[in-house]
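The values are calculated or read from the model by the stated rules, or taken from the named source; none is laboratory data. Predicted model only: the values in this text are computed from it and were never measured. Virtual Cβ from ideal backbone geometry, glycine too; neighbours counted across all protein chains shown.
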Amino acid sequence: MWLSDFDFDLPEDLIAQEPAERRDASRLLAVERQTGSVSSRQFVDIVGAFDPGDVLVINDTQVIPARLLGHKTSGGQVEVLLVRRCPGSVCGEDWLCMTRSSKPLAVGSRLVFDTHLTAEVLQAGDDYLRHIRFDCQGDFWQVIDEIGHLPLPPYIKRSDTPTDRSRYQTVFAREKGAVAAPTAGLHFTPEILEQIRAKGVEICSLTLHVGPGTFLPVRVDDVRQHKMHAEYYSISPLTAQTINQARTRGGRVFAVGTTVTRALETAAGADGFIKAGEGDSEIFIIPGYRFKVIDALITNFHLPKSTLLMLVSAFAGRELVLRAYDQAVNEQYRFFSYGDCMLIL
């Protein structure tokens, strides 16, 4: 299974640089796995896909303004991306971070971001992370909210704006910790969610904090050799019970996005039932994987050669997915985080 198997041609002008005027104004490409049909619709049509007894699972992670711009006390600009809070950290001051500077940051380097926020590099981590301790005068999250920038994906070729603070965030975001949005959820509005509930569908949430690994390229030709970066997830007893009861009575499980899919498939036993709890998800889903939980997937359009495209191909079949992507390109769909979405049944 080669990386080139998951490539496709995408005109650059189809990469969405701004959100749609309204969340639910996006287009929806409906894909049926059994028949192979691919049809264009509007996102508001998604309500009709649900039956009473189904379950919709959302990711309630909240994107933090994790991109910090500062300088070294020795001189030179530095950019730090908060990736993951270190276990046992108090008040949020110890983090694993990605960094960018003219020269690699040495252990012991002192960083200044604001009069209220400084930091020290304690140690280098794995291939791209450093352990940094922040010294904050005041509430850490309040300072980060004031001086931090929203970490827009690298394919959005502009600086973040105040509009992104709300639009690069789902309406159900509540658990701080992500450095990227679970973008399939960006299309939902309170009204759409209420219409889905009115059909007799239960909506439950889990948390998976999306990390920068979602944007890191696959660097091996044989995709089976790729290793996923760990992302923290948490599934409550209520969510586990809701999903398990739905499966028992024959209801379908709709996953909003690849992040929900990865969390559920990580937490599932061999029988497909979910075990409540928290941990790290490192599951790498590629064609040949046997799904244990989800019956339908709502997802945005993903980058060529990405692990996300591989997951979608595992669920719907590579040939069908690439044919759907070709149709989306021909019909001028908007791609990636602020783009349109797919419903795969």
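Under 20 Å from the mean Cα position of the chain (by Cα), crowded, with 19+ Cβ neighbours inside 10 Å and touching a residue at least 60 places away in the same chain (Cβ under 8 Å): is that true of residue 31 in this structure?
No, not satisfied.
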Check every one of the strands (runs of 3 or more DSSP E) wholly within the stretch 27-106 and list those with 1 or more residues that are more than 25 Å from residue 313 (Cβ to Cβ) and of a type in the set (Ser, Thr, Tyr). 94-101
State whether the residues of the stretch 34-51 include one that is in the same structural domain as residue 133 (by TED's automatic domain parsing) and without any contact (Cβ under 8 Å) to a residue 24 or more places away in the chain. no
Hits in the stretch 114-140 (condition: at pLDDT 90 or above and among the aromatic types (Phe, Trp, Tyr)): 134, 140
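Kindly establish whether residue 107 is free of Cβ contacts under 8 Å to residues at least 24 places away in the same chain, buried (at least 17 other Cβ atoms within 10 Å of the Cβ) and more than 29 Å from residue 23 (Cβ to Cβ). Steps first, answer last, please.
Values: free of Cβ contacts under 8 Å to residues at least 24 places away in the same chain: yes; buried (at least 17 other Cβ atoms within 10 Å of the Cβ): no; more than 29 Å from residue 23 (Cβ to Cβ): yes.
When the stated conditions are applied, residue 107 does not pass them.
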Against the conditions (1) under 19 Å from residue 299 (Cβ atoms); (2) modelled with pLDDT under 95; (3) of a type in the set (Gly, Ala, Ser), where does residue 205 fall short? Just the number, please. (2)
Looking at the stretch 237-254, is at least one residue buried (at least 20 other Cβ atoms within 10 Å of the Cβ) and under 30 Å from residue 97 (Cα atoms)? no
What is the one condition in (1) surrounded by fewer than 23 Cβ atoms within 10 Å (Cβ to Cβ); (2) in contact with a Pro (Cβ under 9 Å, 6 or more places away or on another chain); (3) part of a helix (DSSP H, G or I) that residue 259 does not satisfy? (1)
Looking only at the stretch 312-333, count how many residues are crowded, with 22+ Cβ neighbours inside 10 Å and part of a loop (DSSP other than H, G, I, E, B). 1
